[in-house]
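Participant: Below you will find the structure I want to go over with you.
No lab work stands behind these numbers, since they all come straight from the coordinates. Remember, it's a predicted structure, so these values are computed and weren't measured experimentally. A quick note on method: Cβ atoms are made from the backbone with ideal geometry, for glycine too, and the neighbour counts reach across all protein chains shown.
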Amino acid sequence: MKQLKQGLLVAFEGIDGSGKSTVCRRVYEALTAQGYSVVLTKEPGGTELGQSIRTLVQRPSTPLDPLAEFLLFAADRAQHMQKLIKPALAAKKIVLCDRMADSSVAYQGYGRGLDVAMINKVNDWALAGVKPELTLYLEVSPTLAQERIAARHAQTKKELSAFDAEQTAFFARVAQGYSLMYQHRPDVCFVDAQMSEQECFETAYAHMLSLVEALHE
């Protein structure tokens, strides 16, 4: 098993339909095949509590107030950090996380209209001072993202989540939020998610490898 000098946390971000979950999984598979110790996780849902919260926010039995929705994500984030991410980093593992705190800024802040400064403050508290070394942002137009969601739904016939069912205007606000948040962030690498899945994976993996190799013992 290849060993790193320290743990490495990488987040994958993007609007629904960007393909980030698929790319995150493929990067995990590629790194694992190379002999690295890698943890693949997600927000919400990386812990047992997170799975319950994921069900609440994606398929709520009653409409959620935006503030209540964000606080559920924050609760998941705190549990996730303490029970999974911090122990994995302490063991010098690579942690690949499908969504992290930036998602709440984009979705509940810019998308739902909550106070971004307050979201950031609560996120900082929930993360206990730990932030990703790298964020891979899969950037795609809201129109194409919704086309992909519709195609996936037609193929799987699964019930749409509360977020998948949102309108284009909502995703446009979320995408704009990501753009504003990331315009001066040196820790963020953009991946053109309008490319093919293979091209997105290769781009993301190249960014990952350069960081992983720098930390290799």
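Participant: Using the Cα centre of the range 8-214 as origin and beta-carbon charges of +1 (Lys, Arg) and -1 (Asp, Glu), tell me which of Met81, Val122, Ala106 is placed farthest towards the positive end of the dipole.
Facilitator: Met81
Participant: If r is the Cβ-Cβ distance from Thr55 to Leu209 and R0 is 41 Å, what FRET efficiency results, to the nearest 0.05?
Facilitator: E(calc), rounded to 0.05, equals 0.70.
Participant: For the range 132-213, what is the charge dipole size about the Cα centre, in debye to the nearest 20, if Lys and Arg each add +1 at the Cβ and Asp and Glu each add -1 at the Cβ?
Facilitator: The dipole magnitude comes to about 360 debye.
Participant: With +1 on each Lys and Arg Cβ and -1 on each Asp and Glu Cβ, how big is the dipole of the range 133-172 about its Cα centre, in debye rounded to the nearest 20?
Facilitator: In total the dipole reaches around 240 debye.
Participant: With each run of n ≥ 4 DSSP H residues scored as -39500 (n - 2.57), what mean residue ellipticity at 222 nm is computed for the chain after dividing by its residue count and rounding to the nearest 500 deg cm²/dmol?
Facilitator: Result for the chain: -15500 deg cm²/dmol, rounded to the nearest 500.
Participant: Count neighbours as other Cβ atoms within 10 Å of each site's Cβ, and list the trypsin sites (Lys or Arg not before Pro) in the range 1-100 that are DSSP loop with at most 14 such neighbours.
Facilitator: Lys5
Participant: Compute the FRET efficiency between Leu67 and Lys157 as 1/(1 + (r/R0)^6), taking r as their Cβ-Cβ distance and R0 = 35 Å, and round to the nearest 0.05.
Facilitator: The pair Leu67/Lys157 has a calculated efficiency of 0.60.
Participant: Next question. From Cα pairs below 8 angstrom and at least 6 apart in sequence, can you work out the relative contact order of the range 8-214, rounded to a whole percent?
Facilitator: Averaging sequence separation for qualifying contacts and normalising by length gives 33 percent for the range 8-214.
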